[in-house]
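What follows draws every value from the coordinates through simple rules; no lab data is involved. As the structure is a computational prediction, the values presented were derived from the model and not from experiment. In this analysis, Cβ positions are derived from the backbone assuming ideal geometry, glycine residues included, and neighbour counts consider all displayed protein chains.
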Amino acid sequence: MALHRRTPMIAAFAALITWAPVAQSGEILVLTPEQHKAVEAAVGAELRDPYSAQYAELSAASDKNGGSITVCGTVNAKNGYGAYTGETLFMVR
């Protein structure tokens with residue numbers, strides 16, 4: 001599968017995902033529309049065609065102090081050839 005030049009950075013974040021400590025020490029959250037847009041903006045900044053992005057499986061949790069929110073999910077977007085690359089994991093803090 002051909003990957004966009006920035007996809008490895010998003011995939012590297014995905015490798016850091018460990019839900020057990022977050023879920024045990026924090027709180028599972030439902031994103032507000034503003035938070036959802038902020039996540040899309042952060043991930044979209046790393047994509048060649050952010051307008052083609054299709055987001056799925058978004059999950060959010062706060063740290064045990066409630067100070068930061070970690071969101072992970074998948075994104076499928078078009079590469080430089082105009083083809084969708086397939087779902088790629090991401091994580092945003």
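Quick one: which residues, 5+ away or cross-chain, put their amide H under 5 Å from the amide H of residue 86? H built at 1.01 Å from N.
Close amide H contacts, sequence-distant or interchain: 77.
Quick one: Karplus J couplings for segment 45-61, per residue in order, coefficients 6.51, -1.76, 1.60, θ = phi - 60°, nearest Hz, x for Gly and Pro?
Each residue's phi maps through the Karplus curve to give 5, 9, 9, 5, 10, x, 6, 8, 5, 10, 9, 8, 6, 6, 10, 9, 8 Hz.
Full extension from residue 93 to residue 76: what is 0.36 nm times the residue separation minus their Cα-Cα distance, to one decimal in nm?
Length gained, residue 93 through residue 76: 4.2 nm.
What does the convex hull of the Cα atoms of segment 36-93 come to per residue, in Å³, rounded to a whole number? Before the final figure, lay out each step's value.
Values: hull volume 3.8 nm³, N = 58.
Once divided by residue count, the hull of segment 36-93 is 65 Å³.
For the residue pair residue 63 and residue 36, what label-to-label distance in nm results when each label sits 7 Å from Cα along the Cα-to-beta-carbon direction?
Distance between label points: 2.7 nm.
So for the pair residue 54, residue 84, with labels modelled 7 Å out along Cα→Cβ, what separation do we get in nm?
0.2 nm
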